[in-house]
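Written below as structure tokens is the structure these notes are about.
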Amino acid sequence: MALTSDPPVDPLTKEPAAPAALPAADLVVVPVRHPWRWVAVAATAVLLVQFAHGLVTNPGWEWDVFAAFFSTETILKAVWVTLQLTFYGTALGFAIGIVVAFMRLSASPFLRSVAFGYIWAFRSIPLIVQLLFWFNLAYLYKELSVGIPFGPRFFSFDTMGLVGEMSAAVLGLALHQAAYAAEIVRGGVLAVDEGQLQAAASLGIPKLRQVRRIILPQAMRSILPNAANEVISLFKGTSIVSVMAIGELFYQVQVVYGRNGRVVPLLMVATAWYILLTTALSVVQHYVERHYAKGSTR
């Protein structure tokens, strides 16, 4: 007959006590198996290798033509025009957008209505239509004057030479960008805790200083990611001004492959420049975000 013993009983609960835990060195750790994850990794790796192999071996890409035109003077000048359009469009767009954003946050119903109408109009009209309107400003308004509304005019000037191709492109891009920038800035300002403003007001800090030293530095954490996306989108969207025969990157690429018929390698030239400059903008975004994230726990 085998002798058995009952498990030890906890004197407080009168229930069987839990068995003693094994030492950590004796525990066997079994990793969780993820077979389908490895299948997905293998399938993705095969696709990437096939894509890279096609880029290298397919003669249709004509990499020798790509290398010949990548850094030519015509392409570099076109890249410079693209950067100018991006810079001026971004600077003016966000300057106007900040004003429109604070108009929407104003206590005045009239200012809020005007700001809402501006945003509604410029987000509703396609960018290419806005560009063509500004490009044909001389047709719509042959003369502009400055004076008292519905009264005498102090002086007037002809609009024929007022807005050229480049200025029309910058104006159209900036006004279009301002509508989106206004909503980005407004969202960032609304993300700042209202207690910050109440504390600043109780300390007697002037309103303008509240905006400059308290609201905007904190709002920038919310503004920057969306603003950077808009800048990158505007940089790539400058290709739309090719309809106005402005010598930016995409337009010049079209001109070149229209002459030599090398469509694919010239398109790859434009693609490579867009990728390089977008990467540079992303690096700048990273460091600016890190600057404004000082003191944040995230």
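Computed quantities for the displayed model
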read-out: Filter result for the condition that a residue is farther than 25 Å from Val99 by Cα and either crowded, with 18+ Cβ neighbours inside 10 Å or without any contact (Cβ under 8 Å) to a residue 24 or more places away in the chain (or both), over Ala270, Ala245; value: Ala270
read-out: Qualifying residue in segment 252-273 (condition: among the small types (Gly, Ala, Ser) and under 30 Å from Val163 (Cα atoms)); value: yes
read-out: Pairs where the first residue, in segment 154-169, is of a type outside the set (Lys, Arg) and assigned to a helix (DSSP H, G or I) and the second is open to solvent by 50 Å² or more (accessible area, probe 1.4 Å) and modelled with pLDDT of 70 or more, C-beta under 6 Å, 6+ apart; value: Ala168/Trp134; Ala168/Phe135
read-out: Test result for Ala227, at pLDDT 85 or above, buried (at least 18 other Cβ atoms within 10 Å of the Cβ) and assigned to a helix (DSSP H, G or I); value: yes
read-out: Within segment 46-147, helices (runs of 4 or more DSSP H) holding 2 or more residues that are touching a helix residue (DSSP H, G or I) at 6+ places or on another chain (Cβ under 6 Å) and without any contact (Cβ under 8 Å) to a residue 40 or more places away in the chain; value: 109-124
read-out: Which listed residue, of Leu281, Leu197, is under 14 Å from the mean Cα position of the chain (by Cα) and of a type outside the set (Gly, Ala, Ser); value: Leu281
read-out: Residue match in segment 181-189 (condition: exposed (fewer than 15 other Cβ atoms within 10 Å of the Cβ) and of a type outside the set (S, T, N, Q)); value: yes
read-out: Residue check, Phe94 open to solvent by 90 Å² or more (accessible area, probe 1.4 Å) and within 20 Å of Leu281 (Cα to Cα); value: no
read-out: Whichever residue in segment 10-55 is modelled with pLDDT of 80 or more and charged (D, E, K, R) and, among such residues, is farthest from Val264 (Cα to Cα); value: Arg33
read-out: Checking Glu143 against (1) out of contact with any Ser or Thr (no Cβ under 6 Å at 6 or more places or on another chain); (2) among the acidic types (Asp, Glu); (3) at pLDDT below 90, the condition it does not meet; value: (1)
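The values are calculated or read from the model by the stated rules, or taken from the named source; none is laboratory data. Model, not experiment: these values are computed from the prediction. Because the Cβ atoms are built from the backbone with ideal geometry, glycine has one as well, and the counts that use them run over all protein chains shown. Side chains included, ligands, DNA and RNA excluded: accessible areas come from the protein's heavy atoms. Shrake-Rupley method; radii C 1.70, N 1.55, O 1.52, S 1.80 Å.
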